[in-house]
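Have a look at the structure below before the remarks.
The values are calculated or read from the model by the stated rules, or taken from the named source; none is laboratory data. Predicted model, so just to flag it, every value in this text is computed and none were measured. Counting neighbours? That spans all protein chains shown, and the Cβs are built from the backbone with ideal geometry, glycine included. Note: accessible area is taken over every heavy atom of the protein model, side chains too, but ligands, DNA and RNA are not part of it. Shrake-Rupley method; radii C 1.70, N 1.55, O 1.52, S 1.80 Å.
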Amino acid sequence: MDTLGHDGARPDGNPVESGGAAQARPLPLAGLRVLDVTQVMAGPFCSMLLADLGADVIKVEPPGTGDQTRGAMGFKMKGSDSMGFLNMNRNKRSIAINLKSEAGRALFLKLAASADILVENYRPGVMKKLGLGYEVLRQHNPKLIYASISGFGQSGPWAMRPGYDLMAQAMSGVMSVTGHPGGPPVKAGVPVADIGCALFTVYGILSAYIGRQTSGEGQYIDASLFDAALAFSIWDISEYWGTGRIPEPLGTANRMSAPYQAVRASDGYFVMGATNQKLWRLLCEVLARPDLVEDPRFVDIPARLAHREVLIAELETSFAAKTAEEWVALMLAAGIPAGRMNTYPEAFESEHGRHRQMRIEVPHPIEGSVPNIGFPVKFSGTPPRTRRHAPLLGEHTEALLQELGLDQEAVETLRQGGAFAP
């Protein structure tokens, strides 16, 4: 793993050269500059993905407090930054600017003129009120790709509502199909709206960047947690549009096929899926239950879906004879998809998790070695790498001012104007 420190990478994201030759091919986004004017999760995660691919991501933070996620979570680290912040902001540089001051805005415009991409997640209209909206910035930089992330989008009846992942899950319908039938509301265990919006924003940014190669012009991208959550509803909304039935929660079951869910063995649960006729017959063979093959209630997928509760009860009478691990081994040997129910530590520390390098260690000047979630996509020629630790608040302010060509007198003028004051 490449673990270059905060001074160990060039500003353009290219690898440090040694002996006149680059240590590796440049990362795919090396040379692109991104202004990250975001906080909490969707925006920082989006910009970190760009940083992992080589972009020079400059995190623009409020002086004094910085990204509010720096102080989040219910436990303390050695320093003031949370583990969550450290896992969403690697490979970035930080500059602390007071955008409410005229001097701070003037400095930001200089940064924007040098940028390829800007990502912000203020409430709709805030950047415009600051005089830093897309229409203003495009006058300074016509090639700028400007992405706004919000709870509900930049327009529409709900646009001005504050929006977090929980609200997006509830108002998009995600929570209506999460949990068990008849139970209380349950949100997805992971922030699907936040992460989904981050991924869709990256998709939008990279598409706009590819388009810019032909047109020479940037464009505005409007991404929302609400839209992202709705985009995940493919099977559920297809059922409604096709039948008129409003989808309801199914626990771990699937509305397209059965059996395909968590089932109980003698010592606990495991998951399995016999999602077609071939797999169904194989399952009945593994269970030594030929009677199930001939049972008219289970003869095909529509029948099994219609009698899912009875089907699972029948299967669990057989599953009770062995442990979950034994059943998983038998099913995998027969070619039936199955797996154990892992906790996160078990998944990360599993033989496969370690092989896939889904836990990496990032050196940090205060915390020492910080565990980070590894890179979820592998590249054969330009693998992502950790070039920088998650930045300390304002850590790179001085270096970035120098890169902009500002002398001491200009910097002092900015300082007197409140550009760096909380």
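Taking H placed 1.01 Å from N in the peptide plane, check which residues at least 5 places from Ala265 or on another chain put their amide H under 5 Å from its amide H.
So Ala265 has HN proximity to Phe270.
What number does the range 274-422 give for Rg over Rh if you use C-alpha atoms and the Kirkwood radius? Intermediate results must be reported in sequence, preceding the final value.
On the way: Rg = 28.6 Å, Rh = 21.5 Å.
On the Cα set of the range 274-422, Rg over Rh gives 1.33.
How much length is gained on full extension from Arg359 to Val136, taking 0.36 nm per residue of separation minus their Cα-Cα distance?
Full-extension gain reported as 76.1 nm.
What translational diffusion coefficient, in µm²/s and rounded to a whole number, does the Stokes-Einstein relation yield for the range 83-158 at 37 °C and a viscosity of 0.692 mPa s, taking the hydrodynamic radius as the Kirkwood radius over Cα pairs?
Details: Rh = 13.8 Å.
The estimated diffusion coefficient comes to 238 µm²/s.
Expressed as a whole percent, how much of the Cα-Cα distance distribution for the range 135-292 exceeds 24 Å? Intermediate results must be reported in sequence, preceding the final value.
On the way: 6656 of 12403 pairs.
Result for the distance tail: 54 percent.
First check a/c for the range 19-143, with a ≥ b ≥ c the square roots of the eigenvalues of its C-alpha gyration tensor; if it is under 1.5, answer rounded, and if not, answer prolate when a/b is larger than b/c or oblate otherwise. Mind dumping the intermediate values first?
On the way: a/c = 1.94, a/b = 1.05, b/c = 1.85.
Judged from the Cα gyration tensor, the range 19-143 comes out oblate (a/c at least 1.5, b/c at or above a/b).
Could you give the accessible area per residue of the range 260-342, probe 1.4 Å, as a whole number in Å²?
Accessible area per residue: 53 Å².
Mind checking which of Gly79, Gly394, Gly189 has the largest fluctuation in a GNM of the chain, springs on alpha carbons under 10 Å?
Residue with maximal mean-square fluctuation among Gly79, Gly394, Gly189: Gly189.
Hey, if we sort Glu351, Glu398, Glu314 by accessible area with the 1.4 Å probe, largest down, what's the order?
Working: Glu351 150, Glu398 125, Glu314 55 Å².
Putting Glu351, Glu398, Glu314 in descending order of accessible area: Glu351, Glu398, Glu314.
How large is log10 I(q)/I(0) at q = 0.19, 0.24 Å⁻¹ when the Debye formula is applied to the Cα atoms of the range 260-342, each weighted equally and without solvent?
The computed values of log10 I(q)/I(0) come out as -0.77, -1.26.
Can you tell which of Leu392, Leu250, Leu29 shows the greatest fluctuation in a Gaussian network model of the chain with Cα springs below 10 Å?
Most flexible of the set in this elastic network: Leu250.
What figure in square angstrom, to the nearest 10, would you give for the accessible area of His396 with a 1.4 Å probe?
The accessible area comes out at roughly 10 Å².
Please work out how much length the chain gains when fully extended from Glu346 to Asp291, using 0.36 nm per residue of separation minus the C-alpha to C-alpha distance, in nm with one decimal.
That works out to 16.1 nm of additional length.
If the only charges are +1 at each Lys and Arg Cβ and -1 at each Asp and Glu Cβ, what is the size of the charge dipole of the chain around the Cα centre, to the nearest 20 debye? All intermediate terms of the calculation are to be shown ahead of the outcome.
Working: 40 positive and 44 negative charges, 78 e Å.
So the dipole magnitude of the chain works out to roughly 380 debye.
I'd like the accessible area for Arg415: 1.4 Å probe, protein heavy atoms, all chains in place, Å² to the nearest 10.
130 Å²
At most 10 other Cβ atoms within 10 Å and a DSSP loop assignment: could you name the trypsin sites (Lys or Arg not before Pro) in the range 200-288 that fit?
Working: sites: Arg212, Arg245, Arg255, Arg264, Lys278, Arg281; in loops: Arg245, Arg255.
Counting only loop positions with at most 10 other Cβ atoms within 10 Å, the trypsin sites (Lys or Arg not before Pro) in the range 200-288 are Arg245.
Which entries of Lys78/Lys110; Lys76/Lys378; Lys78/Lys378; Lys100/Lys143; Lys76/Lys100 show an alpha-carbon separation above 27 angstrom in the structure shown?
Lys78/Lys110; Lys76/Lys378; Lys78/Lys378; Lys76/Lys100
Hand me the chymotrypsin sites (Phe, Trp or Tyr not before Pro) from the range 90-160 located in a DSSP loop with no more than 16 other Cβ atoms within 10 Å, in residue order please.
Trp158
Using alpha carbons only, how many angstrom separate the centre of the range 143-175 from the centre of the range 48-79?
21 Å
Can you give the translational diffusion coefficient of the range 63-215 in µm²/s, computed by Stokes-Einstein from the Kirkwood radius over Cα pairs at 37 °C and 0.692 mPa s? Let's see the in-between values first.
Values: Rh = 18.1 Å.
After rounding, the answer is 181 µm²/s.
Take the Cα atoms of the range 344-409, build their convex hull, and give its volume per residue in Å³. Write down the numbers at each step before the final one.
On the way: hull volume 8.0 nm³, N = 66.
Dividing the Cα hull volume of the range 344-409 by its residues yields 121 Å³.
Need one number for the chain: average projected area of the convex hull over its C-alpha atoms, nm².
Computed as one quarter of the Cα hull surface, the answer is 25.2 nm².
Just to confirm my numbers, what's the Cα centroid distance between the range 321-359 and the range 226-268 in Å?
The range 321-359 and the range 226-268 have Cα centres separated by 23 Å.
First compute the accessible area of the chain with a 1.4 Å probe, then give the percent of it belonging to carbon and sulfur atoms. Walk me through the numbers on the way to the answer.
Values: 12120 of 21120 Å².
Percent of accessible area from carbon and sulfur atoms in the chain: 57.
GNM on the chain, C-alpha springs below 10 Å: top fluctuator among Ser148, Ser101, Ser266?
Ser266
May I ask for the distance between the Cα centers of the range 365-422 and the range 301-319, given as a whole number of Å?
Cα centroid to Cα centroid, the span is 56 Å.
Between Lys322 and Gln68, what length in nm is gained on full extension when 0.36 nm per residue of separation is reduced by their alpha carbon distance?
Once the chain is fully extended between Lys322 and Gln68, it gains 86.5 nm.
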